[in-house]
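Please treat every number below as a calculation from the coordinates, not as lab data. Being a predicted model, the structure only gives us computed values, none of them experimental. Don't worry about glycine lacking a Cβ; one is built from the backbone with ideal geometry, like all the others, and counts go over all protein chains shown.
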Amino acid sequence: MMLFSIIRFWAKGWIEKLYIDPVFHFKYYGFEWVTDLGSNIYLLFIICGLSSFFLILGLYYRAAIIIFFLSFTYIELIDKTTYLNHYYFVSILSLILCFIPANAYFSLDNFRNKITYRSVPRFYITSIQSFIVIVYFFAGIAKLNSDWLIEAQPLSIWISSKYDFPIFGNYIFQKKITHYLMSWGGMFYDLSIPFLLLSKRLRWFGFTLVIIFHLLTAFLFPIGMFPYIMILSSLIFFSADFHKNIIGYLRHLFKQFLPDNSKIKSQINLRANYNSLKRTMFSIISLIIIIQVIFPLRYIFYPGELFWHEQGYRFSWRVMLMEKRGYTQFRIIDSVTKKQFYVNNDEFLTEFQEKQMSFQPDFILEFAHYLGDFYKKKGVENIKVCTDSYVALNGRKSQQFVDPEINLLDYNDSFLNKQWILPFNDEIKGF
Amino acid sequence: MRHYKILSILVLSFLILSIACSKSDEDDSSTSEITYNQSQTEDINQEDSSEGTEDDQSGNDNSFDRVKMMTFITEEIIIPSYDNLNTSLTELKESYELFKINITEHNLEELRNKWLNSYKLWQHVEMYNIGKSMEDYLIFRSNIYPVDTVRVNQNIDNGEYDLENPNNYAAQGFPTMDYLLYGIDNDPVKVIDHYKENNKLMNYLGALIEDLAANVKTVNDDWNQVKNEFVNSVDNTASSNLNMMVNDFIYYYEKGFRANKFGIPAGVFSGGALPDRVEGFYSKNFSKVFALEAMTSIKKFFNGESYKDDDLEGLGLKSYLDFVEKGKEELLSDKINAQLIDAEKSINDLDNNLSGQIESDLIKVLKTYDEIQTAVVLLKVDMLQALNIAVDYADADGD
């Protein structure tokens, strides 16, 4: 699955476009040390691809998953312009998998070690299930806001612009009622799906919904692999019998390639070699899960409108909630002579970076500092960097975003509230 | 047997998907059976009534006829603008021939007038950097300034040059003609002397006029050929003609109009004024005229007003925006129009000689720039959001 994603990424020439072309990368707070490696980045993609290939085979599982986690996450950390919730999902999932023996039952490692385990501790399964529950839960909670439910935004904008969609585009998609149904439906889906999948009776019904919902989003929105990842991930909720069936089918399919079964020692229970190491694994996974519960809640500590200042927005499973566009220009000022000039953003940023930068405060601040350093070196003295920035959110008219008089060089990025962001002129109620 | 079950459910779900597509979401309302039934009947009703309305293309509340808009823009704005420019350039060629045969002050004056007229008409086509125009680099071949005078003089002396070479972009087109007609001397009598003495100079001017006229004609002919096909590409994809045209329009407003005509010469991007960077630097008194022409073409495109007939209004971005924003109190199109008019007024208050204005009262130019700039935000942020136009570069995933 992930191998396909890597190949797709490569095929589209995105490596070059996103990681090599830009002269400047937006870094995650706390990960400023990550560099783009120049053209060595192809090597990193090869490593990442190979490790996912080994994962599929189940060969040298533990090493493969750790390498996969590290390389995949590193690639993501290079530039936060490309932040996507589902990349983050993959990173966290692979992090959890680092501590789970997913090779226990059916993998080439079984042939290598000549041991196969009949059962694994329930906890391993539960941990992955609870992670997926968390994702859906937060995605659902985030939809409980007045823009989503009462204004049907941003779906109104998005769906009506799909006028070129076959059959439905020109009529049904233009109807307000359609936008409301989709908004409310999406909210109910996210909130109810974990329970449907957990309940034995409704599981097939739930899974059918998962397929319908994610395929629908895949048709309508440019969201890449996310739908397929979620569909496959939710298979974890099915019983062991179900998976044994699939495996049995696979075993049958590859029969002639597989070594003779008889030599493999079948061991009933992985629990048999339960030891202190395993206990450590359990506590690490628990810790990851707990952090996953707490981290998305950090927005509570920031005053003002979350959608506006986006402090606590990322890494919180807030998916497809905003239609936000911005326009941000930087003024380089000599504070003594009062001379000033505007920066051409496209001299430093790709268009994609510029688009992302123009409405996200941490991007604006980081770029301001970069410009400050750049023009200081060029000989601008007593330098100040101010911005003229305008942002429009969910169909509202644009409004000024950053205090234009404030010198951004006076501020550093941190988890503290960014006071230089002007308050939002409207109110969005809800979570 | 299990495989069968999986398979059948997969097939089933695909079926449901294809039938229900837009309404599949309410399946979730298994939590409340009533909503489910209601919404289903509603959707069926919608489908029924849609059959009746789809034949009726105009005046439909639920859909905006984008093809009609594209047709109006193409047939009433773009093509007539090119036709006019084409005719004017033919006249320019003729007056050049007269001037070449008979180098007099009067003929120079005629030549200059035809050049001025063509340059004004050029302001109406520069924004359509699409199709053949883009392929042929028409804008680069026609209106790159400031002029590379060193290069121009080299070309004249050599008598051999490749106008398609990007290094020669700043040594041809309207700006270079401006230099050749006005810039080589302040006194028209002396200009005439130059042409009398230097046959190579005369030839270079002729070559530039010939080349420009040929380039414009190629693009003009192409528009007439592709127009029917062109107007039908209205999907919401980055490569559809509709989206490219809107993106081009905004790009032109921001770069070709705002930055090139005002921002750069006023020193907005450099910290110090650069009065020699204005459009029409050598003839001095036409910069404002060009800018006002450009503003007229911007307003016509936005509002969907015919190029030739001022009273003829059709579908343009304004009607598209009003369709998307129906029911809103404060219309974005009104806001944009008000801002464009403010900007126009501000331009009107400037000296004809923009270069001189920059030197005498820069603040006034900077204020004009700010008025123009305010509309950039409205076009680029508010309008693009309202229309949710896919942009050129965003072919990466979103989430």
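Taking segment A:323-410, how many lysine pairs are there with alpha carbons less than 16 Å apart, if each pair must be eight or more places apart or span two chains?
Numbers: A:K324/A:K355; A:K324/A:K397; A:K338/A:K376; A:K338/A:K384; A:K339/A:K376; A:K339/A:K378; A:K339/A:K384; A:K376/A:K384.
Total qualifying Lys-Lys pairs in segment A:323-410 comes to 8.
Anyone know which of A:F374, A:F69, A:F359 comes out most mobile in the 10 Å Cα GNM of chain A?
In the Gaussian network model the winner is A:F374.
Name the most mobile residue of A:K162, A:K324, A:K418, meaning the one with the largest mean-square fluctuation, in a Gaussian network model of chain A with Cα contacts below 10 Å.
A:K162
How large is the dipole of segment A:324-380 about the Cα centre if only Lys and Arg carry +1 and Asp and Glu carry -1, each at its Cβ, rounded to the nearest 20 debye?
On the way: 9 positive and 8 negative charges, 54 e Å.
Computed about the Cα centre, the dipole is about 260 debye.
Mind giving me the FRET efficiency for A:K200 and B:E135? R0 is 60 Å, r the Cβ-Cβ distance, nearest 0.05 is fine. If you can, show how the numbers build up before the last one.
Working: r = 62 Å, r/R0 = 1.04.
About 0.45, to the nearest 0.05.
Scan segment B:189-289 for GluC sites (Glu not before Pro) in coil per DSSP, keeping those whose Cβ has at most 13 other Cβ atoms within 10 Å, and list them by number. Could the numbers behind the result be given before it?
Numbers: sites: B:E197, B:E210, B:E229, B:E254, B:E279; in loops: B:E279.
Here no GluC sites (Glu not before Pro) fit, given the DSSP loop and packing criteria.
Stick to the Cα atoms of chain A, pair each with every other, and give me the Kirkwood hydrodynamic radius in Å at one decimal.
Values: mean 1/r = 0.0411 Å⁻¹.
Radius from the Kirkwood sum: 24.3 Å.
Using 7 Å Cα-to-Cβ label points, what is the A:F431/A:K255 separation (nm, one decimal)?
So the label points at A:F431 and A:K255 sit 5.0 nm apart.
With 10 angstrom as the radius, rank B:K114, B:K364 by how many other C-beta atoms surround their C-beta, starting from the fewest.
Numbers: B:K114 21, B:K364 16.
Fewest-to-most ranking of B:K114, B:K364: B:K364, B:K114.
What size of dipole, in debye to the nearest 20, comes out for the protein assembly as shown about its Cα centre when the only charges are +1 on Lys and Arg C-beta atoms and -1 on Asp and Glu C-beta atoms?
Working: 77 positive and 103 negative charges, 1162 e Å.
Dipole magnitude for the protein assembly as shown comes out near 5580 debye.
Taking each residue in A:397-408, count the Cβ atoms of any other chain within 10 Å of its Cβ, then average. What number comes out? Walk me through the numbers before you get to the answer.
On the way: counts 10, 9, 2, 1, 0, 0, 0, 0, 0, 0, 0, 0.
Per-residue shielding by partner chains comes out at 2.
Along the three principal axes, how long is the protein assembly as shown when you take its alpha carbons, biggest first, rounded to the nearest angstrom?
That gives 107, 65, 57 Å along the principal axes, largest extent first.
Over all distinct alpha-carbon pairs, what is the Kirkwood Rh of segment B:66-387 in angstrom?
Numbers: mean 1/r = 0.0486 Å⁻¹.
This gives a value of 20.6 Å.
Taking the number of other C-beta atoms within 10 Å as the exposure measure, put A:Y302, B:Y145 in order starting with the fewest.
A:Y302, B:Y145
Could you calculate the FRET efficiency of B:N232 with B:K326 from 1/(1 + (r/R0)^6), where r is the beta carbon distance between them and R0 is 22 Å, rounded to 0.05? Present the calculation step by step, with values, prior to reporting the outcome.
Details: r = 25 Å, r/R0 = 1.14.
Given R0 = 22 Å and the Cβ-Cβ separation, E is 0.30.
What is the mean projected area of the alpha carbon convex hull for segment A:366-431, to one decimal in square nanometres? List each step's numbers first, then the result.
Values: hull surface 23.2 nm².
Across all orientations, segment A:366-431 yields a mean hull projection of 5.8 nm².
Among the listed pairs B:K114/B:K196; B:K261/B:K299; B:K217/B:K380; A:K80/B:K367; B:K132/B:K299, which have their C-alpha atoms separated by more than 26 angstrom in this model?
On the way: B:K114/B:K196 20 Å; B:K261/B:K299 17 Å; B:K217/B:K380 32 Å; A:K80/B:K367 37 Å; B:K132/B:K299 24 Å.
Beyond 26 Å: B:K217/B:K380; A:K80/B:K367.
How far apart, in nm, are the 7 Å Cα→Cβ label points at B:I363 and A:F301?
Distance between the two pseudo-spin positions: 4.8 nm.
Farthest toward the dipole's positive end in segment B:66-387, which of B:A386, B:T90, B:L292, given Cβ charges of +1 (Lys, Arg) and -1 (Asp, Glu) about the Cα centre?
B:A386
Mind checking the dipole of chain A: about its Cα centre, +1 per Lys or Arg Cβ, -1 per Asp or Glu Cβ, Debye to the nearest 20? Mind dumping the intermediate values first?
On the way: 42 positive and 32 negative charges, 447 e Å.
Magnitude of the dipole: close to 2140 debye.
Using a Gaussian network for chain A with springs between C-alpha atoms less than 10 Å apart, which of these wobbles most: A:V90, A:V402, A:V380?
Maximum fluctuation in the GNM of chain A, among the listed residues, is at A:V380.
Return one number: the angle in degrees, 0 to 90 and rounded to the nearest 10, between the long axis of the Cα atoms of helix A:240-253 and the longest principal axis of the Cα atoms of chain A.
Helix A:240-253 and the main axis of chain A meet at about 80 degrees.
Helix-only estimate, please: 222 nm mean residue ellipticity of the protein assembly as shown, summing -39500 (n - 2.57) across DSSP H runs of length 4 or more and dividing by its residues, to the nearest 500. Each step should come with its number before you reach the end.
On the way: 34 runs with 441 residues, N = 830.
Only helices count here, giving -17000 deg cm²/dmol.
Are there trypsin sites (Lys or Arg not before Pro) in segment B:314-343 that DSSP marks as loop and that have at most 13 other Cβ atoms within 10 Å, and which are they?
On the way: sites: B:K318, B:K326, B:K328, B:K335; in loops: B:K326, B:K328.
Answer by residue number: B:K326, B:K328.
Can you pull the Rg over Rh of segment A:323-410, Cα-only, Kirkwood? Mind showing how you got there, number by number?
Numbers: Rg = 13.1 Å, Rh = 13.3 Å.
In segment A:323-410, Rg relative to Rh is 0.99.
Calculated FRET efficiency, B:T90 and B:D193, Cβ-Cβ r, R0 25 Å, to nearest 0.05?
Values: r = 28 Å, r/R0 = 1.13.
For B:T90 and B:D193, the calculated efficiency is 0.30.
Across chain A, where is the longest run that never hits GluC sites (Glu not before Pro) in a DSSP loop with at most 11 other C-beta atoms within 10 Å? Provide the component values of the computation, followed by the final result.
Numbers: sites that count: A:E381, A:E405, A:E427.
With GluC sites (Glu not before Pro) excluded where exposed in loops, chain A gives A:1-380 as its longest stretch.
Just check segment B:89-177 against the gyration tensor rule for me: Cα atoms, a ≥ b ≥ c as the square roots of the eigenvalues, rounded for a/c under 1.5, and otherwise prolate or oblate depending on whether a/b exceeds b/c.
Values: a/c = 2.17, a/b = 1.23, b/c = 1.76.
The shape class here is oblate.
Going by alpha carbons, how many degrees (0 to 90, nearest 10) lie between the helix axis of A:361-377 and the longest principal axis of chain A?
Here the helix axis deviates by roughly 60 degrees.
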